[in-house]
1. In straight Cα distance, which aspartates and glutamates are under 20 Å from LYS7, not counting same-chain residues fewer than 8 positions off?
2. Subtracting the Cα-Cα distance from 0.36 nm times the residue separation, let me have the gained length for LYS69 to VAL28 in nm, one decimal.
3. Carbon and sulfur: what percent of the chain's accessible surface (1.4 Å probe)?
4. What are the aspartates and glutamates whose alpha-carbon lies under 20 Å from the alpha-carbon of LYS47, with same-chain residues fewer than 8 places away excluded?
Amino acid sequence: MMRSCPKCQSSQIDAGYVVDHGYGEKKVASFHAGAPDKRWWGLKTSKAATTPVTVYRCTRCGYLESYVKG
Ligand SMILES: [Zn+2]
């Protein structure tokens, strides 16, 4: 699939992902549906509601576009 940057129309787009650094563990950042459920120990998340995020970076202007599949 040919992508182009919505900001500068460059076709130099790199696919990647955002690294989530938590508890000394590196994970792919995920999209979670709904509002954040904040608790004293952190965020309460549901595995069923999280989907990994794919990020596309324009190598010309640096614009990031995020996509969640499914
Ligand atoms: Zn661009």
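1. Within the straight-line cut-off, LYS7 pairs with GLU65.
2. Working: separation 41, 0.36 × 41 = 14.76 nm, distance 1.37 nm.
Length gained between LYS69 and VAL28: 13.4 nm.
3. Details: 3100 of 5830 Å².
Accessible surface attributable to carbon and sulfur in the chain totals 53 percent.
4. ASP20, GLU25, ASP37
The values are calculated or read from the model by the stated rules, or taken from the named source; none is laboratory data. Not measured: the values here are computed from a predicted model. The protein model used for the area step is the full one, side chains on, heavy atoms only, and it has no ligands, DNA or RNA in it. Shrake-Rupley method; radii C 1.70, N 1.55, O 1.52, S 1.80 Å.
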